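Okay, structure first, notes after.
The values are calculated or read from the model by the stated rules, or taken from the named source; none is laboratory data. Treat the numbers as computed from the prediction; the structure is a model and nothing was measured. All Cβ positions, glycine included, derive from the backbone under ideal geometry; neighbour counts span all protein chains shown. Ligands, DNA and RNA are stripped out before the accessible areas are found, and what is left, the full protein with its side chains, is counted by its heavy atoms. Shrake-Rupley method; radii C 1.70, N 1.55, O 1.52, S 1.80 Å.
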Amino acid sequence: GNSIKRKFFAHMDNVCEVRLTNVAEIGDLAFVGDFNIETISGLNKVTYVGDMAFADCKALKSIVLPVSCAHIGLGAFEGCSSLTRVTYPIDNHQVEYDISATELFGEDYSSSLNIEIVGGDIPAGYFENFNANVVVTVSPKTVGNSAFKNSGLTQIALTDTAKIGIEAFTGSKITVAT
């Protein structure tokens, strides 16, 4: 499949919108520092997102990655301070690469973030100590031990959840569970 190589679109300050076609892989640092990009569309065939691929895309507002995305690299969304909506498959990347929300978005992420998780499970500790105001809109099948411990979680849908782990929500800011 087609790929966007390492740093291919890096630091392009004059670009506000990106429309991709048939792209399977987005390399490390591919869009790093593109401060004015607000939207990236055409990600429906992406299977791989490299480390820091969208880091410091400060104007990026939302991103939707398909279920077929088997790898999301470290710091992929770090410094994306305008990001308010993210859709991605949690099962694929977390289990295989053992990374957490903090490692995807960065330790200093403090914006409100509406996360739509595609997949079935939120692993143990996945959002632990993640400070962003998080809303999880898709009901997970399981919520692991300490999954949201001391996190900024405010809302979660639990309509189809079969198992909730020990201390899953301890210390979170949750106000709504449906």
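Leaving out ligands, DNA and RNA, what percent of the accessible area of the chain is carbon and sulfur, probe 1.4 Å?
That fraction is 49 percent.
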*Enter the accessible area per residue of the chain (Å², integer; probe 1.4 Å; all protein chains in place).*
46 Å²
*Which links in Lys58/Lys149; Lys7/Lys61; Lys61/Lys149; Lys61/Lys163; Lys61/Lys141; Lys58/Lys141 stretch past 23 Å when you go from one Cα to the other?*
Lys58/Lys149; Lys61/Lys149; Lys61/Lys163; Lys61/Lys141; Lys58/Lys141
*Please list the non-local residues whose amide H lies under 5 Å from the amide H of Val49, H modeled 1.01 Å from N, same-chain partners needing a gap of 5 or more.*
Ile26, His71, Ile72, Gly73
*Using per-residue counts of other Cβ atoms within 10 Å, averaged over each peptide, order 43-54, 65-76 from highest down.*
43-54, 65-76
*How would you order 32-40, 158-166 from highest to lowest mean count of nearby Cβ atoms within 10 Å?*
32-40, 158-166
*Between the alpha-carbon centers of the range 122-178 and the range 55-72, tell me the distance in whole angstrom.*
21 Å
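What's the extension gain from Lys173 to Phe8 if we count 0.36 nm per residue and subtract their Cα-Cα distance? Write down the numbers at each step before the final one.
Numbers: separation 165, 0.36 × 165 = 59.40 nm, distance 3.94 nm.
So the chain would gain 55.5 nm between Lys173 and Phe8.
When the Kirkwood hydrodynamic radius is evaluated over all pairs of different C-alpha atoms of the range 1-76, what value in angstrom, to one decimal, is obtained?
On the way: mean 1/r = 0.0842 Å⁻¹.
By the Kirkwood definition, the hydrodynamic radius is 11.9 Å.
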*Taking the chain, how much of its Cα-Cα pair set, in percent, is spaced more than 22 angstrom apart?*
40 percent
*asked:* Please list, in order along the range 41-54, the HN-Hα scalar couplings obtained from phi with the Karplus expression 6.51 cos²θ - 1.76 cosθ + 1.60 (θ = phi - 60°), rounded to whole Hz, x for Gly and Pro.
replied: 10, x, 8, 5, 10, 5, 10, 9, 10, x, 4, 6, 4, 10
